[in-house]
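In what follows, a single structure is set out as structure tokens and then discussed.
The values are calculated or read from the model by the stated rules, or taken from the named source; none is laboratory data. Every value quoted in this text rests on a predicted model; they were computed, and no experiment measured them. Positions of Cβ are backbone-derived with ideal geometry, glycine not excepted, and every protein chain shown enters the neighbour counts.
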Amino acid sequence: MNEKMDAATATPSQPAGLIDALQALRVEPRGVNFYDQYSALAKALCGAECALVVSRDGMVTAALGGSGSAAERALLLEAATTERWTVLQARGYSHDTLRKADGLGLVLVLVRLLDEQPSVLLLALPERQRGHLKEALVRAMLLRDLRPGAAEAGPSSTALALASGSMANSPGLLPALGLATEVMQAPRFGAAALCLVNGLIRLYGLRQAVLCWRSGGNTEVVAISHLERFEKTSRLVKSMQAAANEVLAVDQVLSADVSLARDPQAVSPPAHLALVQSLDGVQSVDGLPVRDSSGQTQAVVLCACDDAGLSPQAINDLLLMLELVLPQLTEARQQQMGIFKRLQSAAVEHLSVLFGPGRPWLKFWAVSLSVAFLVLAFGRMSYRVEATAQLTTDSVRVLTAHNDGRLQEVLVDIGDLVVAGQTMSRMDTSDLRQQELEVRSELQRYQAEEDKARAASALADQEVARFRRAQSQARLQRVLNLLEQTDTQAPFDGVVVEGERRNLLGASVRRGDTLFRVAQVQGLYLMLQLPERDIRDVNIGSVGEVVLLSQPGQEISFKVSNLVPMAQVKGDEGNHFLLKAEINAPMQTWWRPGMVGLAKIDAGERNIAWILFHRLIDTLRLWFWF
């Protein structure tokens, strides 16, 4: 069964084979797979990814047949919405953009078919073929007549039947496409415009045809049938421009005839009605907007008829032909203009993209970037420079070892609070105690010698013994003083900022070695280290705020009070200047000398663009010396 189905819907690969297959399909009796075969041929001829023929009964849309994957056919069926159907009924064709589930874009083409029942052909073109949209649309329009024809009809009559919807009201699409070919072969814009309006006269039997080109918000008459030259300030030309401006204002087809002028109850475009009355023998005037690929009206064609005017089918064919020739006319007109006119036209085109209808995302980003540029160029904000900060105090006492020895006990550690007179460490006193015993023994011996010499009345020996005893007494006093200094005591209430217990316990020290550094938690101030590149933005009296690492959520205000005018090298970070700052906040109990943090100093209001890019500009100036 599947093999039979594939054979029935086999699609020729050559254009001639496609045309023959379409002609045979139209004249032969319809089978069950008629719409599937027609969709496959239309898909191949128009270069589409998927084709589907649908019918609509009220609000219900049904698929009659199609060619392509099931997912794409379902997407096309879903795309046959009421809004697209309304545009289709008005013009006979329409096109739009679709998005597949994977995000890829498709160009949707809808063409109303001339069939036994109301039906529509839907084609899905790849996004890359958007430039060939009009060609695919023309091919689809040539295929829309599905009404059964005579088997003996020749190829030319069949092609003509496919091209025309009603020969009584319209010469058909093929003659219109032939006129489009003639217009596009014209060497200059003036010749192309004159060829177009004269061809419309010949093709549709008009009394007068006028081409008006858009110039800003108004139109300009550029070609009038059978007139190579005309006065643009004449009353008739101004009437034509007024009628074209009406079409430009409403962006749709407008018509007026003499019957409306006689009926006081009828509502008609006033400029079109005035133009009908200005032209002798003219019964009706139709104004047709010619849109570019973005949907904006770029030109207006006015058709003056001797009878009731153009039929809807003729209007649809004419609009399609005009959209095909518009890009060629636009390019020819730009080539005809001078350099300054071209620049002006390009500027107007780009401005119309930004400020005209459509393209919301482009306008959103354009407005956003414009606002951002204005903010950067004219906005101002507070500028602050960063510096590293450290809590410092001048009430610091360094405690050193009074004699050589070994630390036996260390009773405090760095960061501990101490009170005046508190013992902080004790040294090993065994050697000093031994020296004390030895000196006391000498005192007793010298005392005994002095007593013996006194008993023997040996005054000289008595004096010698007395002096030796005094010497030993002095040595004893020195040892006792050293024993008293073996304990290191806090000189005042403060906090230990240097001297770790694990490093000092059991360590041998010499006289003068630093054991502890004790600071009072009062008179605290900040020492700031500011990079050399920012020193130009800070002066004495500048204010700022600092956050300490121990409490990053609490900001402390300060004021710069002094500046050390000599830079200091800080490792790989380069030169830094030292600043002294007074704290303008009440002292907290958790503050400790030596705490570090990040300070930000106010440097006044600056331009936002300067704040963002001044470092880059400074670097470039250093590189290129400008």
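With respect to being basic (K, R), surrounded by fewer than 21 Cβ atoms within 10 Å (Cβ to Cβ) and under 28 Å from L319 (Cβ atoms), R30 falls outside the description. Which residues, taken from the stretch 567-589, are touching a residue at least 60 places away in the same chain (Cβ under 8 Å) and of a type in the set (G, A, S)? Within the stretch 567-589, A581 is the sole residue that qualifies.
The residues of the stretch 209-228 that are assigned to a loop (DSSP other than H, G, I, E, B), of a type in the set (G, A, S) and more than 45 Å from the chain's Cα centre (by Cα) amount to a single one, S225. When the residues of the stretch 392-425 are filtered to those that are touching a Pro at 6+ places or on another chain (Cβ under 7 Å) and part of a strand (DSSP E or B), the one that is nearest to T488 (Cα to Cα) is R397. Within the stretch 172-220, the set of residues being buried (at least 21 other Cβ atoms within 10 Å of the Cβ), under 21 Å from D280 (Cβ atoms) and of a type in the set (V, I, T) comprises V197, V210. Scanning the stretch 301-331 for residues that are of a type in the set (V, I, T) and either over 24 Å from K341 (Cβ atoms) or outside any helix (DSSP H, G or I) (or both) yields V301, I315.
With the requirement that a residue be in contact (Cβ under 8 Å) with a residue 24 or more places away in the chain and either under 24 Å from Q334 (Cα atoms) or in contact with a Pro (Cβ under 7 Å, 6 or more places away or on another chain) (or both), what does the stretch 205-216 give you? The answer is A209, V210, L211, C212, W213, R214, G216. Please determine, by comparing only the residues of the stretch 68-92 that are modelled with pLDDT under 80 and hydroxyl-bearing (S, T, Y), which one is farthest from the chain's Cα centre (by Cα). Among those that are modelled with pLDDT under 80 and hydroxyl-bearing (S, T, Y), it is T86. Checking each residue in the stretch 34-66 for being over 21 Å from L142 (Cα atoms) and either free of Cβ contacts under 8 Å to residues at least 12 places away in the same chain or surrounded by 14 or more Cβ atoms within 10 Å (Cβ to Cβ) (or both) picks out R56, D57, G58, V60, T61, A62, A63. Cβ-Cβ contacts under 7 Å between residues 6 or more apart (or on different chains), taken from a first residue in the stretch 489-507 that is within 13 Å of V521 (Cβ to Cβ) to a second residue that is of a type in the set (K, R) and not in a strand (DSSP E or B), are listed as V495/R592. Of all residues in the stretch 533-560, those being surrounded by 14 or more Cβ atoms within 10 Å (Cβ to Cβ), of a type in the set (G, A, S) and either more than 40 Å from the chain's Cα centre (by Cα) or in a strand (DSSP E or B) (or both) number 1. Note on the stretch 235-259: residues that are in contact with a strand residue (DSSP E or B) (Cβ under 9 Å, 6 or more places away or on another chain), touching a residue at least 12 places away in the same chain (Cβ under 8 Å) and either hydroxyl-bearing (S, T, Y) or part of a loop (DSSP other than H, G, I, E, B) (or both) total 4. Comparison of L612, L622 shows that the only residue that is out of contact with any helix residue (DSSP H, G or I) (no Cβ under 8 Å at 6 or more places or on another chain) and surrounded by fewer than 15 Cβ atoms within 10 Å (Cβ to Cβ) is L622. Exactly one residue out of L206, L179, L194 is in a helix (DSSP H, G or I), aliphatic (A, V, I, L, M) and in contact with a strand residue (DSSP E or B) (Cβ under 8 Å, 6 or more places away or on another chain), and it is L194. With respect to S425, determine if the residue is within 30 Å of V596 (Cβ to Cβ), touching a strand residue (DSSP E or B) at 6+ places or on another chain (Cβ under 7 Å), among the hydroxyl-bearing types (S, T, Y) and surrounded by fewer than 12 Cβ atoms within 10 Å (Cβ to Cβ). It is false that S425 is within 30 Å of V596 (Cβ to Cβ), touching a strand residue (DSSP E or B) at 6+ places or on another chain (Cβ under 7 Å), among the hydroxyl-bearing types (S, T, Y) and surrounded by fewer than 12 Cβ atoms within 10 Å (Cβ to Cβ).
Filtering L275, L288 for residues that are touching a residue at least 24 places away in the same chain (Cβ under 8 Å) and in a helix (DSSP H, G or I) leaves a single hit, L275.
Candidates V301, V325: the one that is under 43 Å from the mean Cα position of the chain (by Cα), more than 23 Å from H132 (Cβ to Cβ), of a type in the set (V, I, T) and surrounded by 13 or more Cβ atoms within 10 Å (Cβ to Cβ) is V301. Among the residues of the stretch 590-612, the one identified as among the β-branched types (V, I, T) and either under 19 Å from P565 (Cα atoms) or free of Cβ contacts under 8 Å to residues at least 12 places away in the same chain (or both) is I601.
Exactly one residue out of A460, A448, A401, A389 is surrounded by 14 or more Cβ atoms within 10 Å (Cβ to Cβ) and more than 30 Å from A507 (Cβ to Cβ), and it is A389. For the stretch 473-512, a residue qualifies if it is part of a loop (DSSP other than H, G, I, E, B) and either within 14 Å of T423 (Cα to Cα) or in contact with a strand residue (DSSP E or B) (Cβ under 6 Å, 6 or more places away or on another chain) (or both), and the qualifying residues are Q485, T486, A490, P491, F492, D493, G499, L505, A507, G512.
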